[in-house]
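Nothing in this text is a laboratory measurement; each read-out follows from the coordinates by a stated rule. Predicted model, so just to flag it, every value in this text is computed and none were measured. Virtual Cβ from ideal backbone geometry, glycine too; neighbours counted across all protein chains shown.
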Amino acid sequence: MSMRLDQLVRNCADAIAAAQHSDSARLDAELLVLHVLEKPRSFLYSHPEFIINADQLAAVNHLVQRRCDGIPVAYLLGQKEFWSLMLKVDERVLIPRPETEAIIDYILQLNLPEQASVIDLGTGSGAIALALASEKPNYFVVASDYSEGALSVAKNNVQQLAANGACHEIPLLRGDWLSALAKNSFDLVVSNPPYIDAQDPHLQQGDVRFEPLSALVSKDSGYDDIKLISRQAKACLKSGGHLIIEHGYDQREAITKIVEAEGYLNVLDHDDLNAMPRFITAINS
Ligand SMILES: C[S@@+](CC[C@H](N)C(=O)[O-])C[C@H]1O[C@@H](n2cnc3c(N)ncnc32)[C@H](O)[C@@H]1O
């Protein structure tokens with residue numbers, strides 16, 4: 001059996017919409033079909049009459065069925081764009097969110113030393129560390145995670161982007177936040193840690209159902225890891241060094257208090273591009 005491209009995309013979008021796991025059914029359908037055809041998005045509009053062969057149709061149907069089961073598009077494609085870098089992702093890592101790019105924007109406006117030492121804690125796919133390394137080749141960027149699976153994904157991304165010349169090699173460390181790292185050694189500690197309460201009903205909805213719980217959930221109603229990072233970073237940051245932590249939309253006030261209680265200066269909160277509370281910044285005294 002064969003089918004026109006435009007008809008196939010319509011059918012796939014209808015099937016995905018009917019499954020009610022996606023609020024972007026048409027886009028999902030386009031991405032999955034183009035992935036199988038190995039064509040750019042423009043192909044959809046330049047060749048709507050293109051005839052899909054039976055093998056391609058079977059491959060598309062398989063992906064669409066999995067999307068109808070709720071599996072995120074990024075895991076089906078095996079990749080996700082972050083800060084214009086195409087990162088490999090799989091079920092071992094959080095899918096990098098566009099909201100986190102607001103942190104990169106902020107860091108690029110900081111007046112850090114020319115050869116700043118930076119650590120991305122809980123790097124997952126390597127998104128934050130790689131974005132910074134691609135923008136600031138002189139920075140000494142290190143990335144760490146507790147999960148061996150995540151580090152393996154990050155290593156793949158570091159190697160591929162370094163080979164393409166997009167950034168330099170980034171050392172990857174396995175560790176429990178900053179517990180094993182030297183005191184007084186970083187100009188910037190940045191983290192998008194797990195911050196969701198284990199009882200949060202959002203964990204049962206949408207793409208997050210398929211992401212690793214270890215990347216999402218934190219004890220103490222979602223605050224445990226943020227408390228640990230704030231405390232440990234106080235010792236590991238140089239005097240005047242910057243702490244940046246991403247958090248949930250409803251955690252701004254609690255996190256401001258946590259960070260202020262550690263004795264940081266200039267504690268500021270920031271929104272993301274959707275005007276939602278997203279991250280906190282502070283300076284080590
Ligand atoms: C929300 S994900 C962030 C991933 C990535 N930085 C991003 O923004 O896409 C949190 C990450 O923290 C890691 N993590 C959880 N507990 C940790 C710990 N105690 N020490 C270091 N990393 C940890 C998880 O494995 C996960 O990769």
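If you rank SER125, SER42 by fewest surrounding Cβ atoms within 10 Å, what's the result?
Placing the least packed residue first, the sequence is SER42, SER125.
Using 1/(1 + (r/R0)^6) with R0 = 45 angstrom and r between the beta carbons of GLU253 and ALA18, what's the FRET efficiency to the nearest 0.05?
0.65
Quote the relative contact order of the chain in percent (integer), defining contacts as alpha-carbon pairs under 8 Å separated by 6+ residues.
Averaging sequence separation for qualifying contacts and normalising by length gives 14 percent for the chain.
Could you list SER2, SER191, SER221 so that the one with the fewest beta carbons within 10 Å of its beta carbon is first and the one with the most is last?
Fewest to most other Cβ atoms nearby, the residues stand as SER2, SER221, SER191.
Grab every C-alpha pair in the range 43-93, bin the distances at 5 angstrom width from 0 up to the longest one, and report whole percents.
5, 17, 17, 19, 21, 16, 5, 1
Can you give the Kirkwood hydrodynamic radius for the range 11-167, in Å, rounded to one decimal and based on Cα pairs?
17.4 Å
Let's see if you can work this out: charge +1 on each Lys and Arg Cβ, -1 on each Asp and Glu Cβ, no other charges. What is the dipole magnitude of the range 28-139 about its Cα centre, in debye to the nearest 20?
140 debye
Over the chain, consider all pairs of different Cα atoms and compute the Kirkwood hydrodynamic radius from their mean reciprocal separation; express it in Å, one decimal.
Result for the chain stands at 20.2 Å.
Name the long-range amide H neighbours of PHE186: under 5 Å, sequence gap of 5 or more, or other chain; modelled H, no Pro or chain starts.
Amide H neighbours of PHE186: LEU237, LYS238.
Specify which residue in the list LEU94, ASN284, CYS236 is farthest towards the positive end of the charge dipole of the chain, using unit charges on the beta carbon of Lys, Arg (+1) and Asp, Glu (-1), about the Cα centre.
Selected residue: CYS236.
Applying the Karplus parametrisation 6.51 cos²θ - 1.76 cosθ + 1.60 with θ = phi - 60° to the phi angles of the range 97-112, what ³J(HN,Hα) value in whole Hz is obtained for each residue in order, glycine and proline being reported as x?
9, x, 4, 5, 5, 4, 5, 5, 3, 4, 4, 5, 8, 6, 9, 7
Apply the Karplus parameterisation 6.51 cos²θ - 1.76 cosθ + 1.60, with θ equal to phi minus 60°, to every residue of the range 272-285 and state each ³J(HN,Hα) to the nearest whole Hz, in sequence, with x for glycine and proline.
Karplus-based 3J(HN,Hα) across the range 272-285 equals 8, 5, 8, 6, 9, x, 9, 8, 10, 10, 7, 10, 6, 6 Hz.
In deg cm²/dmol and to the nearest 500, what is the mean residue ellipticity at 222 nm of the chain if only DSSP H runs of at least 4 residues count, each as -39500 (n - 2.57), divided by the residue total?
Helices in the chain give a 222 nm mean residue ellipticity of -11500 deg cm²/dmol.
Residues of the range 136-171 with amide nitrogen under 15 Å from the 7 Å Cα-to-Cβ point of GLU114?
Only 137-140 fall inside the zone, counting backbone N under 15 Å.
For ASN184, put the label point 7 Å out on the Cα→Cβ axis and report which residues of the range 235-277 keep their amide N under 17 Å from it.
Answer for the range 235-277: 235-242.
Between rounded, prolate and oblate, where does the range 1-45 land on the alpha carbon gyration tensor, with a ≥ b ≥ c its root eigenvalues, rounded for a/c under 1.5, else prolate if a/b exceeds b/c?
Since a/c reaches 1.5 but b/c is at least a/b, the shape of the range 1-45 is classed as oblate.
How big is the Kirkwood radius of the range 184-270, worked out from every pair of different alpha carbons and given in Å to one decimal?
For the range 184-270, inverting the mean 1/r across all distinct Cα pairs yields 13.7 Å.
If you plug each phi of the range 254-264 into the Karplus form 6.51 cos²θ - 1.76 cosθ + 1.60 with θ = phi - 60°, what whole-Hz ³J(HN,Hα) values come out, in order, with x for Gly and Pro?
5, 6, 4, 5, 4, 6, 5, 5, 7, x, 5
Dipole magnitude of the chain about its Cα centre, charges +1 at Lys/Arg Cβ and -1 at Asp/Glu Cβ only, in debye to the nearest 20?
Here the size comes out at about 420 debye.
With a cut-off of 12 Å, note down the residues of the range 56-100 whose backbone N falls inside the zone around a label point 7 Å from the Cα of ASN11 toward its beta carbon.
56-62
Among TYR223, TYR106, which comes first, then next, by fewest other beta-carbon atoms within 10 Å?
Going from sparsest to densest Cβ surroundings: TYR106, TYR223.
Using a Förster radius of 25 Å, what is the FRET efficiency between GLU260 and ARG97 based on their Cβ-Cβ separation? Nearest 0.05, please.
After rounding to 0.05, the efficiency reads 0.45.
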